[in-house]
Amino acid sequence: MAARYCEVALPVPLRSTFTYAVPAGFNGEDLVGRRLVVPFRNRAMVGVGIAVSDRAPEVARVKEIAELMDTLPAFPPKLIELGHWISRYYLAPVGETFRAMLPPEIELHQDREYRLTAAGRAYLQELAAGTESMDAERPDAEKEDLAILRQFDSHEGSLSSSRLRRVPGGEALAEKLVRRGLLTAQSVVRHRQTRMQKIVAWKAEELPAPRPGNRQMAAEERVREILTATRGPLPIGLLMKQAHVSRAAINRLEKKGRIITWDEPLTAGEDAWETDFTPPANVLNAEQKQSLREIWRWLVAGKFAACLLHGVTGSGKTEVYLGAIEAALSRGRTALVLVPEIALTLWVGRLVRARFGKEVAVLHSGLPDVERAREWWRVRHGEARIVVGTRSAVFAPLENLGLIIVDEEQESSYKQEETPRYNGRDTAVYRASIEDAVVLLGSATPSLETYHNARAGKYHLLELTSRVENRPLAEVRIVDLREEFRRQHRAAPVSESLRAAIALRLEEQTQTMVLINRRGYSWSLLCRGCGAFVQCENCSIALTYHKSRQRLECHYCGYSIRPPKQCPKCQGGYMYFVGDGAERVEEYLREQFPKARIARLDRDTVRTKREYQQVLGAFASGEIDILVGTQMVAKGHDFQRVTLVGVVAADLALGRPDFRAAERTFQLLTQVAGRAGRGELSGEVLVETYYPDHYAIQCAVQQDYAAFYEKEAHFRRMLHYPPFTALATVLVRDRKIENAIRWSRALAACFAPFEERGVKILGPAAAPLARLRREYRFQFVLKSPQRSALGRALSSCLDFCAAKEIPATAVIVDVDPTNLA
């Protein structure tokens, strides 16, 4: 049989694949889409096979594939095609693209193996030749060398880094010996042992019933009751806890033959939040029924269709989603539901699981690696036909995909901020096109790009213009903070109008949500003497004050210090905290309403899924009167007793140096306004602002998306921004500012010819965040009415960098960026 060669995509920042010989033992195996372990330089790496051929590469020696990781290819053919498209469209290294698509590698772990060299053995013999009397006179360094080398000698000259970590300072000392030539080091890939748990079941055969009386018999009866009448087979730890018995009692029952046990892989337990839940029963209105009829028609046709489901907040888009999933399953197809944040997977996942049960898998980066990999492979083996997840779930290995739902499609969190810099929404549209599936983009405030596509006829448009049961939209009032200051002559964290409205809701025993899109207690710490802010030492950004921790923190790199009493710049003692964050608003409301039950929901108070569930669950059950939060509370949640929503500092985003600032402000205000009045009680929204006449705020108050689109689209068209122009950014970065400037100038010369080919080049200029994690940053913005011309300019840029040996990690290309700030 002729030799075969496999093209393997490896997770390295290079725009090429690598060719490996297929060992004779792997002939007949399907390698495309398979995870493969291959040697790369001096280590083993896991890659993806993407093509097989009989043509030998033009190199002297070709390394062989070392191992096949799975019996089933990780990727079906459509996902291989999707990965290639992402690599081309977003100009991402193909190996890093497929790495982002793969599940976590829970089967393997990287280790480092150290071996004694001939010089090391000679040195060990020399040290060991000394007498015990000489040991006291040895230098400490020689004693350390002798101790660690004896470890190697007792293990046949080889030790792994995991074993050396058990010796204090062992790994660091081993690295020193490597530099001295006494040891060699090599990266190796090892298989992880699967963690197992013992499962206990009551034996099915009829045995004499335990006689009541003594304590042993009572314990046996409790075990029998739990394993037969109540729960069935259980992990031994859970059984001991529920039956209040010891391990010895379980062992005694096993010897008697009353129970049987076996080992199973350890898996995460079910979450009561997702299982003990009855979804609300809703009757579809005429608009919802019409939308589902259209979706059914597209599913029956079996062809690609893209649709914008534009519905006001509270219009029942989720019911349309559930009906569409049911329709897809009835046609023998599978379904994928994307949500913008991990938090929303909890709510949407509950609803979908309540309707479709165990056919649902949940995928997002917040899951432990083992649980995430287990869910991913459940999908790959066809055990789950519906996937709910965040942006990375767009790569779920569903076959025969019929429906993709992208909820809150306008959210910037669908954009990946590291390589590959894909947009989950746009990737979902492309995946639907190659799968002949229906893609449903849902939003109350769609992005301008999506709405423009719908108006131009590229997407279908379905509209839900009224709330469920014809409930009225919440009344929205503007609180002009300029007038408030004239009356009060002071600035408080919450306006007097909002404070009075909260007091009224507490009397009525309804609930309030307060949104302030700023974490921390104060925005920054200012010196009143010289005007300097206390800044991060790694980033060009002022530090945020967190009172609960008594720290000034950088939300970009994690740097933190205690608040200085003197200015680091001028040594002045007049330090002043500027601006109010969510922590300060919570404190102020506790002072004003000491008897109210108040909670805060942001990244500082909830860091795990369970903490998030506890806060939202308490608010949903009425145990909390006032919920203060950042944008985490603004989208997707359905609380029936919320009658007031207050938006503090609503115009914060308007000052950002980003052409999408007005759009983001409008979307946030409209979304948070939709949290009020979703039940039988009417709702009210108070919006605090210093710019009450801005069109984004005015349109949000009127909840008039069409008017906002017309105004914003006019500015975008005049200034040549999306959706009327294709956009990309090129960021040049380095820890040495001289390198960043030199490379930026070189790229400016590379881009210059494209000015005459329909590409507008802005820059290089210092990026809005000029220094991040100790790296200096300069930015180009490229605009073109023709996407093909933009693509040629960007490809030329990357080729130029490779030719001039500019490091691949120093130049970041971002196609269709969602954020310029």
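The values are calculated or read from the model by the stated rules, or taken from the named source; none is laboratory data. None of the values given here were measured: they were computed from a predicted structure. Methodologically, a virtual Cβ is constructed for each residue, glycine included, from the backbone with ideal geometry; neighbour enumeration extends over all protein chains shown. Remember, those area values only see protein heavy atoms, side chains included, never the ligands or the DNA or RNA. Shrake-Rupley method; radii C 1.70, N 1.55, O 1.52, S 1.80 Å.
Key figures
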{"quantity": "Percent antiparallel among DSSP beta bridges (both partners in the chain, rounded to 5)", "calculated": "60"}
{"quantity": "With every protein chain in place, the chain: carbon and sulfur % of accessible area (1.4 Å)", "calculated": "49"}
{"quantity": "Dipole moment magnitude, nearest 20 debye, the chain about Cα centre, only Lys, Arg, Asp, Glu C-beta charged", "calculated": "680"}
{"quantity": "Rg/Rh (Cα only; Kirkwood hydrodynamic radius) as it applies to the stretch 592-674", "calculated": "1.00"}
{"quantity": "Shape box of the stretch 325-371 [Cα atoms, principal axes, largest first, Å]", "calculated": "33, 21, 17"}
{"quantity": "The stretch 479-626: C-alpha gyration tensor shape, a/c 1.5 cut-off, then a/b vs b/c", "calculated": "oblate"}
{"quantity": "Calculated P(r) of the chain - Cα pairs past 38 Å, %", "calculated": "54"}
{"quantity": "Relative frequency of Cα-Cα separations exceeding 18 Å in the stretch 25-92, percent", "calculated": "48"}
{"quantity": "Mean accessible surface per residue for the chain, computed with a 1.4 Å probe while every protein chain stays in place, in Å²", "calculated": "48"}
{"quantity": "Approximate shape of the stretch 475-532 as ellipsoid semi-axes (Cα gyration tensor, √5λ), whole Å, largest first", "calculated": "29, 16, 10"}
{"quantity": "Percent RCO, i.e. relative contact order, over the chain, from Cα pairs under 8 Å lying at least 6 residues apart", "calculated": "9"}
{"quantity": "Ellipticity estimate at 222 nm from DSSP helix runs (n ≥ 4, -39,500 (n - 2.57)) divided over the chain, nearest 500", "calculated": "-10500 deg cm²/dmol"}
{"quantity": "Over 16 Å [Cα-Cα, the stretch 714-774], rounded percent", "calculated": "56"}
{"quantity": "Cα-Cα over 28 Å, subset of 547/569; 317/595; 711/760; 78/198; 415/804; 78/289", "calculated": "317/595; 78/198; 415/804; 78/289"}
{"quantity": "Between the stretch 336-384 and the stretch 392-414, the Cα center-to-center distance that results, in Å", "calculated": "12"}
{"quantity": "Cα-based shape type of the stretch 690-811, given that a ≥ b ≥ c are square roots of the gyration tensor eigenvalues and the cut on a/c is 1.5", "calculated": "oblate"}
{"quantity": "Kirkwood Rh in Å, taken over the stretch 682-740 so that all alpha-carbon pairs contribute", "calculated": "15.1"}
{"quantity": "Charge dipole of the chain about the Cα centre (unit charges at C-beta), most positive-ward option of 318, 810, 527", "calculated": "527"}
{"quantity": "Residue 64/residue 475 FRET efficiency (R0 60 Å; Cβ-Cβ; nearest 0.05)", "calculated": "0.25"}
{"quantity": "Cα gyration tensor, the stretch 367-413 - rounded (a/c under 1.5), prolate or oblate", "calculated": "oblate"}
{"quantity": "Fully extended contour minus Cα-Cα distance, from residue 330 to residue 742, at 0.36 nm per residue", "calculated": "142.3 nm"}
{"quantity": "Whole-number D in µm² s⁻¹ for the stretch 388-446, Kirkwood Cα-pair radius fed into Stokes-Einstein, 37 °C, 0.692 mPa s", "calculated": "279"}
{"quantity": "Charge dipole of the chain about the Cα centre (unit charges at C-beta), most positive-ward option of 697, 552, 95", "calculated": "552"}
{"quantity": "Cβ-defined net charge surrounding residue 774, 13 Å radius [Lys, Arg +1; Asp, Glu -1]", "calculated": "+3"}
